[in-house]
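Please read the structure below before turning to the comments.
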Amino acid sequence: MKLLRPSTRTRRFALALALGAALLPAPASASQAPAAAIPPAGIGPGAAPAGHAIAAAGAIVDLSALHVVARGDSLASIGARYGVSTRRVALENGLDPGKPLRPGQALQVTARHVVPPALEAGIVINPPQRMLFLFRAGRVAQAYPAAVGRPDWQTPLGEFTVANRQVDKTWIVSPSIQEEMRREGKPVLTQVPPGPDNPLGPRWIGLSMPAIGIHGTNAPSSVYGFRSHGCVRLHSDDVVRLFDAVAVGEPGRIVYLPVLLARGDDGRIWFEANPDVYRRSGATVATVRAMARDRGIAEESIDWSQVATMLRERDGLAREVGVREAEPGSRGEGERG
């Protein structure tokens, strides 16, 4: 697969090497979330030629890595790179969000996501997760953090196909965005040519939905946020890899799943709760119990207190919520991630 010449930002992910070999699971049944597996393909999320290097055991993609801080890094830019909230990065590393990071500082970044229902081949975008998944043969082939539409300018849902692919596309500013510029007192632009000021970045993947596309960005810290006018933004190196992997006619689906529950091929049960920013889903513990029944997961095998806590926090991190049977003579509930 062709890559852009690696940037300084990309090369600094080298210390993320060998976080774990991916396991190739058998396809999940229709009632379960699909297996997510990518063979090791690079030296970290910024450098893997077939998408982020992912270690997974069935139900999740794991973009976790040891990140070495480079000059100019911030909690926001690191969170955007891996698909995790800045608060999680700060908490995990005992950082004061008000203090600058030190170049050379090593940070552990845990970034796991439950895989939504798969396509045999195609793109699935889940705005509440702020994640894009590319499937091949029913398995995840690429997975990327994404920026999606703001609550007042939502990314549309439904089926689509890739309608066009363009390199260094000129941004033709829609009348509605021109009006927003006018209201905010900004210069009103009608078009922006290719270059560093173009918010579409180096690649445009146009969708069959009106005026909606997947593209790069000149604002990388906006990724993993609800920041766009409906389009789906990826980091520019990520969109280059996706662009090279898809063709006109590629099918896709945009779903709205703030909460996801799945059981991996190893029997571990994973749950993820994301913000319901578009206010389309009032998920409760009862909702998750129904999801468990639908997936054939015994309710008594789930730690419901942890599920309830995660529904309150909705921090977008997949965690293991299965209750393990205690060893004879022990008193613990077992390991949970």
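The values are calculated or read from the model by the stated rules, or taken from the named source; none is laboratory data. Quick caveat, the model's predicted, so the values are computed rather than measured. Note: ideal-geometry Cβ built from the backbone for every residue, glycine included; neighbour counts use all protein chains shown. All accessible areas refer to the heavy atoms of the entire protein, side chains included, with ligands and DNA or RNA removed. Shrake-Rupley method; radii C 1.70, N 1.55, O 1.52, S 1.80 Å.
Where the second residue is open to solvent by 10 Å² or more (accessible area, probe 1.4 Å) and not in a strand (DSSP E or B) and the first is free of Cβ contacts under 8 Å to residues at least 60 places away in the same chain and lies in the stretch 116-140, which pairs have Cβ atoms under 6 Å and are six or more apart or on separate chains?
Note: pairs meeting the criteria are E120/G138.
Against the condition touching a residue at least 40 places away in the same chain (Cβ under 8 Å), assigned to a helix (DSSP H, G or I) and among the β-branched types (V, I, T), how does I177 come out, does it pass?
yes
What pairs come up if the first residue lies in the stretch 250-275 and is within 30 Å of R165 (Cβ to Cβ) and part of a loop (DSSP other than H, G, I, E, B), the second is open to solvent by 10 Å² or more (accessible area, probe 1.4 Å) and basic (K, R), and their beta carbons are under 9 Å apart, counting only those six or more places apart or on different chains?
So the pair list comes out as Y256/R280; N274/R130; N274/R314.
For every residue, the table says whether it meets (1) at pLDDT below 95; (2) under 26 Å from A121 (Cβ atoms); (3) open to solvent by less than 40 Å² (accessible area, probe 1.4 Å).
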| residue | (1), (2), (3) |
| --- | --- |
| P258 | no, yes, yes |
| L261 | no, yes, yes |
| L311 | no, no, yes |
| E325 | yes, no, no |
| G332 | yes, no, no |
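Can we say R165 is out of contact with any Ser or Thr (no Cβ under 7 Å at 6 or more places or on another chain), among the basic types (K, R) and either open to solvent by less than 20 Å² (accessible area, probe 1.4 Å) or modelled with pLDDT under 95 (or both)?
no
Only residues in the stretch 70-81 that are among the basic types (K, R) count as the first member; pair them with residues that are open to solvent by 30 Å² or more (accessible area, probe 1.4 Å) and assigned to a loop (DSSP other than H, G, I, E, B), Cβ under 9 angstrom, at least 6 apart or cross-chain, and list the lot.
So the pair list comes out as R71/P103.
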